Amino acid sequence: MSPDVSVDSVRAMVWHGDRLALLDQRRLPLEEAWVDCADAPAVAAAIRDMVVRGAPAIGIAAAYGVALAARTGTDLGSAVATLGQARPTAINLHWALERMSRVAAAAGPDERAARLVREAETMHAEDLAANHTLGVAGAAEIDGPTGVLTHCNTGALATGGFGTALGVIRAGWADGRIDAVFMGETRPWLQGARLTAWELAREGIDGRVIVDGAAAALMASGRIGWVVVGADRVAANGDVANKIGTCGLAVLARHYGVRFMVAAPASTIDPATADGGSIPIETRPEDEVLAWAGQRVAPPDARAWNPVFDVTPAALIDVLVTEYGVLHNPDAAALARLQEGAADAVVQ
Ligand code: MRU
């Protein structure tokens, strides 16, 4: 089934041959400003500082960063190390760097830069294609029309295009399975209120922002049939690290009889991490919680704890959708079959 591409207008990462242009996600939706990265340290800084964010987009940007290092004659080992330290939780970053390192090792010195550019472009195109496929497959699970709740931003901004959870929502909206989209504002960076709301408005999809604390009331109201979220890392047993608040949504969804879907490309699966307890969780500065738009809102002596991801146990996930298809009640055995690669590891 081919997706309805009429809802696929946003692109946030453009390769210009000698530089990577990134739509600055810190400034959206007030301003559509682009940041040019001409070398690997600039890409690493853009990832660290949240110019580009979202697991697949982080991986693709890092791949272009390696290509830039080769083009500018920088030592590839140190470029890969710098990029690899930019953010800790999204496994796509390491997946992309390992893939680029394998290509670099196999290429001769004269062809290396060109091959690395091609590989980054291929990864970018593959991610877009994966999202089209998983978006349609995930939407097909939704027996609508019904409303959905999503969290953070998992759209074109967070990926090579179309999005993962937001790809499911784009596809489900296009074919009438989804008739209302709610998004948690996603404190403290407001990826939901700023970025997902911006993407949905661009596509003409009707959406409503809720404060994160309104999720239980929304589920109790009967307005949504599904929660659809993305992932930063899927452990070998099916536990999922995603934006802080995701686990709480899964717990609530189980209580209220709302179904819970995780949408992610296979590049987000980390077979080397046994379970969610072993996933490194990024903690960001306290100021992100204690201040708002540069203005302190908490008392001077207040402290904060700011983990930016949490882990949803596999047992709370009804559906995991990747470009290989749909896993119901994902577990270690199903993920192992999927990792074996198979396109027929799919519908259970
Ligand atoms: O801190 P962020 O904005 O990079 O966190 C992003 C998320 O948690 C997304 O849900 C996840 O990366 C999937 S994006 C397709």
message = Checking A96 against (1) away from the ligand (no atom under 11 Å from the Cβ); (2) touching a residue at least 40 places away in the same chain (Cβ under 8 Å); (3) assigned by TED's automatic domain parsing to the domain that holds D239: exactly one of these is not met. Which one?
response = (3)
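Within the range 263-270, is there a residue that is within 19 Å of the chain's Cα centre (by Cα) and either open to solvent by 50 Å² or more (accessible area, probe 1.4 Å) or on the phi > 0 side of the Ramachandran plot (or both)?
no
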request  = Please state which one of P307, P330 is open to solvent by 10 Å² or more (accessible area, probe 1.4 Å) and modelled with pLDDT of 95 or more.
outcome  = P307
inquiry  = Anything in the range 214-243 that is assigned to a loop (DSSP other than H, G, I, E, B) and surrounded by 23 or more Cβ atoms within 10 Å (Cβ to Cβ)? List them, or say none.
reply    = G230, A231, D232, G238, D239
key: Residue tally, condition more than 13 Å from the ligand (Cβ to nearest atom) and touching a residue at least 60 places away in the same chain (Cβ under 8 Å), over the range 271-304   = 4
request  = Answer with yes or no whether V168 is at pLDDT 95 or above, surrounded by 22 or more Cβ atoms within 10 Å (Cβ to Cβ), on the phi < 0 side of the Ramachandran plot and outside any helix (DSSP H, G or I).
outcome  = no
inquiry  = I need the strands (runs of 3 or more DSSP E) fully contained in the range 250-348, keeping only those with at least 3 residues that are of a type in the set (A, V, I, L, M, F, W, C).
reply    = 259-263, 319-322
inquiry  = Testing L190 on (1) surrounded by fewer than 22 Cβ atoms within 10 Å (Cβ to Cβ); (2) closer than 15 Å to R259 by Cα, one condition comes back false. Which one is that?
reply    = (2)
Top-ranked residue in the range 62-93 [being closer than 19 Å to S278 by Cβ and outside any loop (DSSP other than H, G, I, E, B); ranked as nearest to the ligand (Cβ to nearest atom)] = N92
key: Where T154 falls short, out of the listed (1) touching a helix residue (DSSP H, G or I) at 6+ places or on another chain (Cβ under 7 Å); (2) open to solvent by less than 10 Å² (accessible area, probe 1.4 Å)   = (2)
inquiry  = Checking Q295 against (1) under 22 Å from L190 (Cβ atoms); (2) open to solvent by less than 30 Å² (accessible area, probe 1.4 Å); (3) not acidic (D, E), only one condition comes out false. Which one?
reply    = (2)
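The values are calculated or read from the model by the stated rules, or taken from the named source; none is laboratory data. Note that the structure is a prediction, hence the values are computed from the model and not measured. Backbone-built Cβ (ideal geometry, glycine too); neighbour counts: all protein chains shown. Remember, those area values only see protein heavy atoms, side chains included, never the ligands or the DNA or RNA. Shrake-Rupley method; radii C 1.70, N 1.55, O 1.52, S 1.80 Å.
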